[in-house]
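Worksheet: the structure to be examined is printed underneath.
The values are calculated or read from the model by the stated rules, or taken from the named source; none is laboratory data. It should be emphasised that the depicted structure is a prediction, and the values quoted were computed from it without experimental measurement. All Cβ positions, even for glycine, are placed from backbone atoms using ideal geometry, and neighbour counts span all protein chains on display.
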Amino acid sequence: MAHIRVFRHYLHLPFVVLSVIDGLVLCTAIYLALYLRFFGEWDSQQIAATGAVFVALNLLAMSAMGVYQAKLQEGMSGMMLRTILSILIAAATLSLIYYVVEDWVWYLGRGVLALASVLAIFLLGISRSLFFFIADEEAFKHRVLVLGAGRRAKEMVDQLSSPLDQKGFSFVGFVPASPEEVPAPGMPVVEAGQSLRDYALSQDVDEIVVAVDDRRKHLPLHELLECKMEGIDVVDAVTFYEREARKIPLESIQPSWLIFSDGFGAVAARNLSKRAFDVMASLALLLVTWPVMLLTILAIKLEEGLRAPVFYKQERVGLNGKSFYVIKFRSMRVDAEKAGQAIWAQKNDSRVTRVGAFIRKVRIDELPQIFNVLKGDMAFVGPRPERPVFVRQLAEKIPFYNERHRVKPGITGWAQLCFAYADSEEDSKEKLRYDLYYIKNQSLLLDLIILIQTVEVILFKKGAH
């Protein structure tokens, strides 16, 4: 399989393997640096601890910089540039640790740290080049045969048309389930003169995706059972789409699927741990960012005068449809909605002030929402809260839109990582696909992944308008 599932979240296997290899390479780098510096004369227990810190911080920094998602978009050069930036950030953090607790990290002094970082860049470049040369992208893809060649199959192909969505599989072909299914142009239809089982085995098929237009009439259960007994996975089109695109296909699901599929349930222990995490993280972030918040207040006052309001409160829809007021630094003019009507935020919006444009790009305007989290109206991770007027409009036109209110809204979320800023009904529909995936598969691990990768969103301006 090209994906592995951890706490219900799908991780792309090649990048999991690559992160393990990177961890081993980083271990090699730190031990090689220590050997060149001390020639084997060191405390092995102390080295084990400091080496683990070096490896963990570098892997964390690379995850935050999107290193394990950049290969298909930017190539090896983009991956290595992000890696170098990550190692510099990790080195700066370790240098700070060195000065604060010098006795504990004695062997990670500046000389050893600098040498280990340089060696890490060099060795990572070699190991990744070898990795992608020996095990190219196709080696990790599983071969998929689609049972069905009609409307549902065409919808699935269209929804998975992006190269990023197809990084884990390749289509072998489409087998019509009935004469009524009319294949769309361009779909490689298989006219198999043998049984489904024999054809799948002859083509080394790893998985059969069931995308039949009418399962009640044209589902060959016996043939599918034979394939399953031969070790070929059989999944329905919705599950396949969810796994590969990591979002939910709104057009293909029914209320019964929401009921019977795993996930979508409230677990008291998870809610309690999530709330404890939100409070601790909010207090820690407040402790770190209060100087930035103070400078933002001064900048707003300098641009618009001492009487200009600093904060902006706006009604949003939260958990179970209950309204609350979100707090943000004001980034638009005071008269941004002087007509009294809600207006979608636009790219390059003329209502945004100069200070507002900057704090939006680096997401500083979101920092006061820490107080919303402490109050309990929001969580750190969840769907972004929307205004009541927009919620009413979108709920009338988009199926399952109100399901996003089954969890607390968040400062950041899965949709913010995977999709740009929503400024239209169609964009909101696409973001709902990601929000439903998060609600279905939410866990502390997924929350941590989202928080770590939010660093990339901030640094590379993804989704910031």
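What to note about this one:
- Taking segment 371-406 as the range and being within 20 Å of Lys328 (Cα to Cα) and basic (Lys, Arg) as the test, the residues that pass are Lys375, Arg384, Arg387.
- Count of segment 17-45 residues which are in a helix (DSSP H, G or I) and either surrounded by fewer than 15 Cβ atoms within 10 Å (Cβ to Cβ) or at pLDDT 90 or above (or both): 17
- Against the conditions (1) at pLDDT 85 or above; (2) within 30 Å of Val279 (Cβ to Cβ), Lys397 satisfies every one except (2).
- Looking at segment 166-275, the strands (runs of 3 or more DSSP E) lying wholly inside it that each contain 3 or more residues that are more than 26 Å from Leu11 (Cβ to Cβ) sit at 169-175.
- Selected residue (criterion: surrounded by the most Cβ atoms within 10 Å (Cβ to Cβ)) from residues of segment 225-243 that are of a type outside the set (D, E, K, R) and more than 20 Å from Ser170 (Cα to Cα): Leu225
- Segment 65-82, residues that are buried (at least 20 other Cβ atoms within 10 Å of the Cβ) and modelled with pLDDT of 75 or more: Met65, Gly66, Val67, Tyr68, Met79, Arg82
- Hits in segment 315-348 - residues which are modelled with pLDDT of 90 or more and in a strand (DSSP E or B): Glu315, Arg316, Val317, Ser323, Phe324, Tyr325, Val326, Ile327, Lys328, Phe329
- Filter result (touching a helix residue (DSSP H, G or I) at 6+ places or on another chain (Cβ under 8 Å) and among the hydrophobic types (A, V, I, L, M, F, W, C)) within segment 18-31: Leu18, Ile21, Val25, Leu26, Cys27, Ala29, Ile30
- Single residue of Val407, Val381, Val457 found to be in contact with a Gly (Cβ under 7 Å, 6 or more places away or on another chain) and more than 22 Å from Glu242 (Cβ to Cβ): Val457
- Whichever residue in segment 244-302 is out of contact with any Leu (no Cβ under 7 Å at 6 or more places or on another chain), among the polar types (S, T, N, Q) and within 22 Å of Ala415 (Cα to Cα) and, among such residues, is surrounded by the fewest Cβ atoms within 10 Å (Cβ to Cβ): Gln254
- When we screen Leu394, Leu432 for residues that are closer than 23 Å to Pro255 by Cβ and surrounded by 21 or more Cβ atoms within 10 Å (Cβ to Cβ), the only hit is Leu432.
- Here Gly356, Gly376, Gly413, Gly382 are screened, and the one residue that is within 30 Å of Ala308 (Cα to Cα) and either at pLDDT 90 or above or under 15 Å from the mean Cα position of the chain (by Cα) (or both) is Gly376.
- Only one of the listed residues (Ser170, Ser117, Ser195) is surrounded by fewer than 17 Cβ atoms within 10 Å (Cβ to Cβ), at pLDDT 85 or above and more than 24 Å from the chain's Cα centre (by Cα). That residue is Ser195.
- Of all residues in segment 385-397, those that are more than 18 Å from Phe311 (Cβ to Cβ) and under 23 Å from the mean Cα position of the chain (by Cα) total 1.
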